[in-house]
Amino acid sequence: ARLQYSFVRHPFILRPERRGFERWLQVLQDLSLMRVGTLSWSDHFVRAMGRDGAAVGVRFDFEAAEVGNSLGSLRVLEWAAAAAGPAAQDELCTRLARAHFELGRCVARRSTLVEEAEAVPALSAVGGGSAAGAVFDEPTAFLAPVQKQLDEAHAHNLHSIPFTAFVVHAYKEGSAPARGVAEMDEMWRSPFVISGAADERTIEEVVSAVEEAAGL
């Protein structure tokens, strides 16, 4: 038997107090000055990410990329999952990641969210860009479920990403584990966790442990 899996994304916001917009490179340089007093950390980060990204076909544009408060985009992503399912949400996430990292477009801006939502076929079928724009324009739209998950993350001392928790489910063919509070509770109790970026060997070791726990 082989491990069957699905990815479920949960929201996280690194700088909830952020107001306005900043260049990504400037943010990294400010962080470098705060950490080590020079630009050595940010210079190394940019070189390393550029090299590693190019190796897998990702062309980071640190100078063009712009960052802002991501709460609006998290609400739009929550709408995407509710309106068209996790696969549509995942496609939108992928498009937004490319927009930010490679195309220098800010995912905290309404125009970016509207355009990228319209480009996802499953979302276009349920209102697309206009629906995404309406969610973005209404500050309370999908705020409660997003805020609940953010509060749970902070309550469990999660203050950085990526954070991946593997939850082993046993369920009948054709059914699926429920999303929501129960799923979140299982995620936090999972013994199979990768916190931060991990190399391929670490990921393989964790997946092997998950397979063993699942009896595969």
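The values are calculated or read from the model by the stated rules, or taken from the named source; none is laboratory data. Keep in mind it's a predicted model, so treat the numbers as computed, not measured. Because the Cβ atoms are built from the backbone with ideal geometry, glycine has one as well, and the counts that use them run over all protein chains shown. Accessible surface areas use protein heavy atoms only, side chains included; no ligands, DNA or RNA. Shrake-Rupley method; radii C 1.70, N 1.55, O 1.52, S 1.80 Å.
List of remarks:
- Accessible-area composition of the chain, carbon plus sulfur, in percent [1.4 Å probe]: 54 percent
- When GluC sites (Glu not before Pro) are flagged only if DSSP places them in a loop and at most 12 other Cβ atoms lie within 10 Å, the longest unflagged stretch of the chain comes out as 64-172.
- To the nearest 10, the accessible area of Arg75 is 10 Å² with a 1.4 Å probe.
- Rounded FRET efficiency, nearest 0.05, which uses the C-beta distance separating Asp61 from Glu200 and R0 of 25 Å: 0.45
- The listed residues Val8, Val56, Val36 rank as Val56, Val36, Val8 when sorted by accessible area, largest first, using a 1.4 Å probe.
- What the phi angles of region 67-76 give under the Karplus curve with 6.51, -1.76 and 1.60, with θ = phi - 60°, is a coupling list of 10, x, 5, 8, 4, x, 5, 5, 5, 5 Hz, glycine and proline written as x.
- Taking all protein chains together and rolling a 1.4 Å probe, Cys93 ends up with roughly 20 Å² accessible.
- 3J(HN,Hα) along region 110-125, derived from phi through the Karplus expression 6.51 cos²θ - 1.76 cosθ + 1.60 where θ = phi - 60°, amounts to 4, 4, 5, 5, 5, 5, 6, 5, 5, 7, 8, x, 5, 7, 4, 6 Hz, with x in place of Gly and Pro.
- The chain, helix-only ellipticity at 222 nm - DSSP H runs n ≥ 4, -39,500 (n - 2.57), divided by all residues, nearest 500: -17000 deg cm²/dmol
- Phi angles across region 16-29 convert, under the Karplus curve 6.51 cos²θ - 1.76 cosθ + 1.60 with θ = phi - 60°, into 3J(HN,Hα) values of x, 8, 4, 10, x, 10, 9, 6, 4, 4, 5, 4, 5, 5 Hz, Gly and Pro given as x.
- Close amide H pairs (under 5 Å, H built 1.01 Å from N) link Phe163 with Gly196, residues at least 5 positions away or on another chain.
- Additional length obtainable on full extension of the chain from Asn69 to Ser111, 0.36 nm per residue less Cα span: 13.7 nm
- Probe 1.4 Å, accessible area per residue of the chain, Å²: 60 Å²
- Between Leu25 and Ser40, the modelled labels are 2.2 nm apart [label points 7 Å from Cα along Cα→Cβ].
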